[in-house]
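The values are calculated or read from the model by the stated rules, or taken from the named source; none is laboratory data. Quantities reported herein were computed from a predicted structural model and do not represent experimental measurements. Note that we place each Cβ from the backbone using ideal geometry, even for glycine, and neighbour counts take in every protein chain shown. Please note that ligands, DNA and RNA were not included when accessible areas were found on the heavy atoms of the full protein model with its side chains. Shrake-Rupley method; radii C 1.70, N 1.55, O 1.52, S 1.80 Å.
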Amino acid sequence: MPRRWKVLTTLLIALPWAILLTIWHQHLATHYLTFLKKETDENATNKSVILSITQTKEESLPCISLQANPAVQQYKEKYVYTRPPPWSETLPTIFVITPTYTRSVQKAELTRLANTFLHIQNLHWIIVEDSPRKTNLVAKLLDSSGLSFTHLNIQSPKTIRQGSKAPRGTLQRNQGLQWLRQQYNSNSVEGVVYFADDDNTYSLEVFDELRYTKKVSVWPVAFVGGLRYEAPKLSTTGRVVGWKTVFDPKRPFAVDMAGFAVNIQLILQKPNAIFRLEGVKGGYQETSLLKDLVIMEELEPKAANCTKVLVWHTRTEKPMLINEGKQGFTDPSVEV
């Protein structure tokens, strides 16, 4: 009897402790499993978010593709802007002709200009290099721009390239006009032609203004002719009757190259209308073209009756590269 009593006493003492230990272990296990499940769910959520972000940014990030050679893993990186405004079948096309030439700021100028054009619907960029061949720099910039474009080239005579008083860009603008006349006839296209140099700054508003030009439209341009701006002079009835300029205001068309646009039908219907070099004084390039297209009374003032400035001759400052030295300090293979 005493032995059984001892066994019973031991059981009564040990059993509660066994129950407590069992409950404690179960609580720890449950807490640990809950933590693991939460961590797994959070990882899955994070992965989902990362995948979502990656898909969202896929079009704006560089496209990286693995080369086929398994021995050496090489990555080719190419950036292409793929979301320009959609092309509309109802809007007239704006054909922008831009002459350009090789210089230290060329890529910077063209990049700025391309970024402006990306905001404009139905814009086709005709870029013409003053070069015996198309350069890789311009070709790559155009390919990655996301714009509709045509890449041409024609080299100016040596006398013009070496700083004579003859204006640069004349042959290049004419090359752009020639391309348009070869590609289209008067029944196949609706649009307007604009001569946009690569060293200017353009408001997006100016493209809305010029898109519906009937013959030739005009507007002010800032920082030209030693003035804050030059502009057409209007009558009380809103007709162009002269020019607010200091340099030779008696010119038939004393307008800056960035201050007018021409309906493409005029360009196609008058194939002999071009910019002329021979026998043309400085400042008369615009007149040499416009005199064969229109008379002053037919000009269409834009930009709130020529009271708003929407184009600026800003001209990027030539960079100071004195620390490069004769041999060059930085890697010449890096495109700038």
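Whether any residue in segment 129-138 is free of Cβ contacts under 8 Å to residues at least 40 places away in the same chain and part of a helix (DSSP H, G or I) is what I want to check. If you could, list the steps in order and put the result at the bottom.
Quick first cut of segment 129-138, residues free of Cβ contacts under 8 Å to residues at least 40 places away in the same chain only: 131-136, 138.
Within this subset, residues satisfying the condition of being part of a helix (DSSP H, G or I) are 136, 138.
Yes, the conditions are met somewhere in segment 129-138.
For segment 125-157, name all the residues that are under 15 Å from Asn174 (Cβ atoms) and among the hydroxyl-bearing types (Ser, Thr, Tyr). Walk me through it before giving the result.
Kept after step one, since they are under 15 Å from Asn174 (Cβ atoms), are these residues of segment 125-157: 126-130, 150, 152-157.
Once the filter is applied, which keeps residues that are under 15 Å from Asn174 (Cβ atoms) and among the hydroxyl-bearing types (Ser, Thr, Tyr), segment 125-157 yields Thr150, Ser156.
Which condition number in (1) under 15 Å from the mean Cα position of the chain (by Cα); (2) surrounded by fewer than 16 Cβ atoms within 10 Å (Cβ to Cβ); (3) at pLDDT 75 or above is the one that Lys107 fails? Every listed condition holds for Lys107 apart from (2).
Could you tell me how many of the residues in segment 132-148 are β-branched (Val, Ile, Thr) and open to solvent by 20 Å² or more (accessible area, probe 1.4 Å)?
Of segment 132-148, the ones β-branched (Val, Ile, Thr) are 135, 138.
From what's left, open to solvent by 20 Å² or more (accessible area, probe 1.4 Å): 135.
Here the count works out to 1.
Candidates in segment 256-286 are the residues that are open to solvent by less than 10 Å² (accessible area, probe 1.4 Å) and among the β-branched types (Val, Ile, Thr); of these, the one that is farthest from Thr201 (Cα to Cα) is Ile267. Checked against (1) part of a loop (DSSP other than H, G, I, E, B); (2) open to solvent by less than 80 Å² (accessible area, probe 1.4 Å), Val246 meets all criteria but (2).
Among residues of segment 81-101 that are in a strand (DSSP E or B), those with a beta-carbon under 8 Å from a residue that is at pLDDT 90 or above and open to solvent by 40 Å² or more (accessible area, probe 1.4 Å) at least six positions away or on a different chain give the pairs Thr93/Glu190.
For a quick check of your reading: which helices (runs of 4 or more DSSP H) sit entirely within segment 149-227 and have at least 1 residues that are open to solvent by 40 Å² or more (accessible area, probe 1.4 Å) and touching a strand residue (DSSP E or B) at 6+ places or on another chain (Cβ under 8 Å)? Can you show your working first?
On the way: elements: 158-161, 170-183, 204-210.
Where helices (runs of 4 or more DSSP H) fall fully within segment 149-227 and carry at least 1 residues being open to solvent by 40 Å² or more (accessible area, probe 1.4 Å) and touching a strand residue (DSSP E or B) at 6+ places or on another chain (Cβ under 8 Å), they are 170-183, 204-210.
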